[in-house]
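The next block holds one structure in the form of structure tokens; read it before the comments.
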Amino acid sequence: MDNYSVSLQAINRNFERFARSAERVARSADNRSDSYVQSSIQSQTALRNERVIDQASPLLQEVDLAAERVEQLNVRRSTEAQVKVLRTQDEMLGLVIDLKA
């Protein structure tokens with residue numbers, strides 16, 4: 001596998017990491033703005049007097065926004081580093097081609 005592929009795969013992984021983090025932040029914002037939905041679900045569950053599997057529980061988890069921001073900044077720095085690696089590889093290849101010509 002050549003160096004270009006390695007750098008491009010790392011950039012793709014970074015985009016996926018960023019997308020997952022952004023999705024968690026967006027879900028958190030939705031959960032906070034829809035707090036009345038959460039209280040409605042809890043009261044309906046309490047009224048039933050039966051065992052109910054709360055399907056909404058994964059969506060109601062708290063998200064640490066500071067940790068998500070740190071993750072996003074790490075992804076940004078990692079992507080910037082990979083771009084620098086790609087630029088350096090491109091410059092080196094250009095120099096080799098110029099020397100051969």
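Key figures
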item	result
Length added when fully stretched, Glu80-Lys100, from 0.36 nm per residue minus Cα-Cα	4.2 nm
Least to most buried among Ile97, Ile11 (fewest other Cβ within 10 Å first)	Ile97, Ile11
Approximate spin-label separation Ala10-Val70, in nm, with each point projected 7 Å along Cα-to-Cβ	2.2 nm
Ranking of Ser5, Ser78 by count of other Cβ atoms within 10 Å, fewest first	Ser5, Ser78
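Every number here is computed from the coordinates shown, using simple stated rules; none is lab data. None of these values were measured; they are calculated from a predicted model. For neighbour counting, all protein chains shown are included, and Cβ atoms are generated from backbone atoms with ideal geometry for every residue, glycine included.
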